[in-house]
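The structure appears below as C-alpha cells.
The values are calculated or read from the model by the stated rules, or taken from the named source; none is laboratory data. Just so it is clear, the structure is predicted and the values come from calculations on it, not from any experiment. Cβ sites come from the backbone with ideal geometry, for glycine too, and all protein chains shown count toward neighbours. All accessible areas refer to the heavy atoms of the entire protein, side chains included, with ligands and DNA or RNA removed. Shrake-Rupley method; radii C 1.70, N 1.55, O 1.52, S 1.80 Å.
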Amino acid sequence: MSTSEQKSNSEAEFDFAPFGFMNESSANSRSNIDIVKFLFSIWKPLILGGCLGGLAGIGVYLYLGPVYSANTQVLVSKTASVPINDGEANRFGDRGDHVELIKSDLIIEPAFKKHGLNEVPELATAYDPFKEVREGMSISRSSGQENSFDNVLDIAFAHPDKKIAAAVVQSIVDSYRDYLYETRDENSRQLYDTLLERQNNLMTQIETQEKEYRDFRTSAPVFLKASPIVSANGTALPPQSRYEVELASIEDTQNTNQIKQAGIEAKLAELQRRRQQGDSREALEFWVTYSLSTGTGDGKTGAAGGASALSGPPVKGNLDQQFLSTRLLEQRLLHSLGEEHTAVRNVRRQIDTILDAYAQQGLTAPTYKRSSANSSLERDNKGMDLVSVYEQTLNSQLAELVVISKNLDLMQSDAEKKAKDAELYQVEDQRLKDNLSIQKTQLTQIFDQIATYDVSKQQEGFRMKQIAQVRIERSLKRVIKIVGAFGFLGIGLVFVLSYFREWLDTRIKSIDELCKLSKTSLLGTIPDFVSTPDADRIAQASGLSPALVFYHRPSSREAEAFRTIRTTLFHGLDEKEQVLQISSAEPGDGKSTVIGNVAIAMAQAGKRVLLIDCDLRRPTLHHLFGLPQEVGFTDVLLNEIEWRNAVRESVVKDLSVITAGLCPENPAEILSVCNLSKLFNEMRSEYDYILVDSPPVLAVSDPAILSSHVDGITVVARLMKNNRRSISRTIETLQVHGVRLHGVLANGVDTQAANDSGYSYESYGSYYGEDVSASQSTKRSQQPVLTKSH
C-alpha cells in the first residue's frame, strides 16, 4: 500500500468533526453537519427522548421514595453597643457570614455532641456524619444583608425520615445559639485582658520615657530663651535664643569694623596719591586738618565718608583726634613763638591732660616726646610734620582693626556652633516631650475603656431567637432534580445517537455537496417521483413504462426538469458531439430512466435520436419502451446482423431504440474487440444524437471501454443513495481514462434538498399544470408535439 493510500485510509478512519467543520471536497471525510439544521430535523425525536427520560425519572423517584424537608426561621440581631471615643465599640465582629458559619463543622460538631444527633443511627453510622449533614442542609438569608443589624435566616434539612430532618434542624439552631453566647463571653474576657495588658505596657513605657527625659535634661547645657518680641503692629514674633542674639551682634560689629577698615584704607590711599602728585607740605597739612575736622580725606562722601578721621572705639577715637590736633598746634606755636612761650606751655599741659585720659580709660597712649624749636625746625626740614604723624596714626589704627576682625571671625564661628547645638537640643527636647504626651493620652484612653467595660460588655455581641417552629413538608427539589436529570439525559442520548448516525452516514445529501465533490458542472436536477394508479393505467394503454414521465406527464415538474437538461445539453455541446454516454456510479441510480426521458425530450424537440442499450449485463430500456429484447446490440457486436436491422422505432416520433439483446457471457471482451468507433460514425450520418446507456462505472469495466469511442459522458448520481467515496472514485476513474465529462445529473432530489440548493420547482407547480386528467395526457401521448424548452 502506498503512502498516499495509507494517509487516505488513516483520514477516513480517524476524522471527526463534532460540528461539521471539515473538508467537504474530500471523499474520505464524513458528512458536513449543519448543527442548527440538524437540531431542527430531529426535534421530534428530541421531544420524544425528553418525555421518555422524564417518565424514567418519575419511575426512579417512585422507587427511591420521597424526601421530606424540615425548615425553620431564626432572627439573629446585633445588640446595641456603647460608643467609646466618639465611635461604636466593635468587639465581636459584624457576623455577616452567618450562612457559611452555620454550615461549618464548628456548629455541626456541637450539634452531635451536645444536642443528641450522635444518637441518631442513620447519622452516627455514616462514613462522614458532618459532611452528610452539611450537604443535606440549606441556609438562606430571607431578610437583611451582610452587615445588617437584623438577619432572618431560613434553615432547612432534607432527609427521607421526617423525624431525623426535624431533629437536625432543631439541633443546628440550638448549637448556633450556644456558639453566639460562648463567643460573646470569650471575646469579652479577651478584650478585658487585652486592655489590662495594654495599660501595664503603657505605664512601663511612660516611666522609661520620663527617666530618659530627665537624663537628657541633666546632660544638656542650659539654653535660655529670650522673651517673645512684639512687632509695631502688635504681632508676636518667634523668640530668639541668646546665642542667636549674640551671633547677630557679632555680625553687626563685623560690618562696622569692615566699614572702618575701608575708611582708613581710603585715607591712606588718598594721602599716598597726594604725595605722589607732589602736593606741598602746606597743602598736605591742610588736607590732614580738613580730614580731622570733617572725617573725610578727599572732600567727598563715600563708603567710608561717615567714619571719623581716627577710627577706633568711641572714647579712644575722640582722644586720638584731640591728641593729634593738640600736637599739630604745638608744632605750629613752636615754629612761630618758640619753646618758652606761654601759649606753647599751655598746649603742652593740654597734651599731658589727654595722655592722663588715656591712662584713666585703660587705653594705650600714643608715644609722645616733647619737641624743641630746633627739633621742630629739623622735622620741618625733613618733612617730619603733622602729615607723618597722621599717617602713622592711621596705620596703627588699621593694624588694630585687622586684629579685631580676626577675633570677631573666631567669635562668630563659636557663636554659630553654640546656636546650632542649641537648636538640636531644642528639637530633641520637643521630641521627647511629644512622645511622652502621646503615651499619656493613650493611657488615658485605656483608663476610659476599662471604666466603661463593665457597663458595655452585656450590650455587645449577637442574640438569636427562633421565630418559627420546625415545619416538615415534602421536598419538590428531589422530584425536579431526578425528573429533570433523566429528561435531559434522554434528550442528550437521542441527540448523541442521531448525531453519530448522521456523522457516520456518508451518503450525498445535497446538490451543493455533489457539486463540490465531483468538481464538475451540474447539468440538471431530477425530482424524486413515484408511479400512481393513473400513470400505470396510461402506461398500460401506451405500452411505455410509467417511469417515462416526460411522455406521460409532459406538464409536470419532473418533465420540466428533463427539459432543462435537454436545453443544457443543446447549448453546452458542440455540433460534432453527437454520441453521448450516460452512466452512474452504482446500480439503482436511475441512469436508464434518466436517459430514456432525456431521449424522449430530445426527440420531441425535433431531433433524430437513437437510444442504444449498452448495458449488456442488466438491460433495462426494452422494459421502459415495451420492446422485445431478443435481437439487439449484442448481435450487432457479434456481427450477426447489421446495426440498422437492430433499430426499432418507438411510439415517440424521431426516437429509435436498439435494445441490448440477449446478455452474453463476456460483455467486456465483446466490447473490446468490436470497432465501436466505426459503428458510431455510421450512426452519426443518420441521427442527430446517439445516446448510449452503459453499466455503472464502479460495477464493471464496460463504461470505460465505451468511453473511448464516445464524445463525452454524463454521470447520474442519486442523492441519499450514493456515498461520497463512490462518486469520488467514479470521477477519478473517468479522469484516468481521459474521458470528457460533460457533467453530473442529480437524481432523486427531494423538495427540501431542492429548496436548500435553489433548484426547487415547488413554487411553480400550478404553472406546470400537474392536475391534468388522464384522458388529456393520453391524447398528448398519442399525438406528440414539439415542446418549447425552458
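Can you name every residue in the range 716-740 that is within 56 Å of the chain's Cα centre (by Cα) and outside any helix (DSSP H, G or I)?
Selection gives 716, 717, 718, 719, 720, 721, 722, 723.
Could you check residue 641 against (1) surrounded by 16 or more Cβ atoms within 10 Å (Cβ to Cβ); (2) among the β-branched types (Val, Ile, Thr); (3) over 19 Å from residue 579 (Cα atoms) and say which number it fails?
Only one criterion in (1) surrounded by 16 or more Cβ atoms within 10 Å (Cβ to Cβ); (2) among the β-branched types (Val, Ile, Thr); (3) over 19 Å from residue 579 (Cα atoms) is unmet by residue 641, namely (1).
Out of the residues in the range 196-216 that are loosely packed, with under 12 Cβ neighbours inside 10 Å and basic (Lys, Arg), which is modelled with the highest pLDDT?
211
Across the range 138-163, which residue is nearest to residue 464 (Cα to Cα) among those that are aliphatic (A, V, I, L, M) and open to solvent by less than 10 Å² (accessible area, probe 1.4 Å)?
153
For the structure I just gave you, tell me whether residue 193 is open to solvent by 50 Å² or more (accessible area, probe 1.4 Å), closer than 29 Å to residue 463 by Cβ and either part of a helix (DSSP H, G or I) or touching an Asp or Glu at 6+ places or on another chain (Cβ under 7 Å) (or both).
Criteria met by residue 193.
Polar (S, T, N, Q) and closer than 20 Å to residue 478 by Cα, is that true of residue 140?
The answer is yes for residue 140.
Run residue 503 past the list (1) farther than 30 Å from residue 77 by Cβ; (2) open to solvent by less than 30 Å² (accessible area, probe 1.4 Å); (3) in contact with a strand residue (DSSP E or B) (Cβ under 7 Å, 6 or more places away or on another chain) and report the number of the one that doesn't hold.
Among (1) farther than 30 Å from residue 77 by Cβ; (2) open to solvent by less than 30 Å² (accessible area, probe 1.4 Å); (3) in contact with a strand residue (DSSP E or B) (Cβ under 7 Å, 6 or more places away or on another chain), the lone unmet condition for residue 503 is (3).
Name the single residue that is most open to solvent (accessible area, probe 1.4 Å) among those in the range 609-638 being charged (D, E, K, R) and outside any strand (DSSP E or B).
Filtering first and then ranking leaves 618.
Which pairs have Cβ atoms under 8 Å, sit 6 or more apart or on different chains, and link a residue in the range 516-534 that is closer than 26 Å to residue 724 by Cβ to one that is hydroxyl-bearing (Ser, Thr, Tyr) and part of a strand (DSSP E or B)?
Close Cβ pairs (under 8 Å, with a partner that is hydroxyl-bearing (Ser, Thr, Tyr) and part of a strand (DSSP E or B)) amount to 523/714.
Report every pair of residues separated by at least 6 positions or lying on different chains whose Cβ atoms are under 8 Å apart, first residue within the range 400-422 and under 19 Å from residue 364 (Cβ atoms), second surrounded by fewer than 16 Cβ atoms within 10 Å (Cβ to Cβ).
405/258
Spot the failing condition for residue 589; the list is (1) open to solvent by less than 10 Å² (accessible area, probe 1.4 Å); (2) in a helix (DSSP H, G or I), and only one is missed.
Every condition holds for residue 589 apart from (2).
Quick check on residue 606: is it crowded, with 24+ Cβ neighbours inside 10 Å and in contact with an Asp or Glu (Cβ under 9 Å, 6 or more places away or on another chain)?
When the stated conditions are applied, residue 606 does not pass them.
Looking at residue 74, is it among the hydrophobic types (A, V, I, L, M, F, W, C) and modelled with pLDDT under 85?
Against the criterion (among the hydrophobic types (A, V, I, L, M, F, W, C) and modelled with pLDDT under 85), residue 74 does not qualify.
Out of the range 482-515, which residues are of a type in the set (D, E, K, R), part of a helix (DSSP H, G or I) and touching a residue at least 12 places away in the same chain (Cβ under 8 Å)?
Answer for the range 482-515, where residues must be of a type in the set (D, E, K, R), part of a helix (DSSP H, G or I) and touching a residue at least 12 places away in the same chain (Cβ under 8 Å): 502, 512, 513.
Can you tell me which residues in the range 389-438 are among the hydroxyl-bearing types (Ser, Thr, Tyr) and under 60 Å from the mean Cα position of the chain (by Cα)?
425, 437
Please work out which residue is modelled with the lowest pLDDT, limiting yourself to the range 373-406 and to residues that are among the polar types (S, T, N, Q) and open to solvent by 50 Å² or more (accessible area, probe 1.4 Å).
Only one residue tops the list, namely 381.
Taking the range 242-296 as the search range and keeping residues that are at pLDDT 80 or above and hydroxyl-bearing (Ser, Thr, Tyr), which one is surrounded by the most Cβ atoms within 10 Å (Cβ to Cβ)?
If we take residues in the range 242-296 being at pLDDT 80 or above and hydroxyl-bearing (Ser, Thr, Tyr), then 253 is surrounded by the most Cβ atoms within 10 Å (Cβ to Cβ).
Examine the range 529-536 for a residue that is modelled with pLDDT of 85 or more and on the phi < 0 side of the Ramachandran plot, and state whether such a residue exists.
No; the residues of the range 529-536 include none that is modelled with pLDDT of 85 or more and on the phi < 0 side of the Ramachandran plot.
Would you confirm whether or not the range 673-692 contains a residue that is under 14 Å from residue 619 (Cβ atoms) and touching a residue at least 12 places away in the same chain (Cβ under 8 Å)?
There is at least one residue in the range 673-692 that is under 14 Å from residue 619 (Cβ atoms) and touching a residue at least 12 places away in the same chain (Cβ under 8 Å).
Look through the range 119-137, keep the residues that are open to solvent by less than 50 Å² (accessible area, probe 1.4 Å) and either part of a loop (DSSP other than H, G, I, E, B) or among the polar types (S, T, N, Q) (or both), and return whichever of them is nearest to residue 472 (Cα to Cα).
Among those residues, the one meeting the criterion is 120.
Could you go through the range 471-486 and let me know if any residue there is modelled with pLDDT under 85, open to solvent by less than 40 Å² (accessible area, probe 1.4 Å) and touching a strand residue (DSSP E or B) at 6+ places or on another chain (Cβ under 8 Å).
yes
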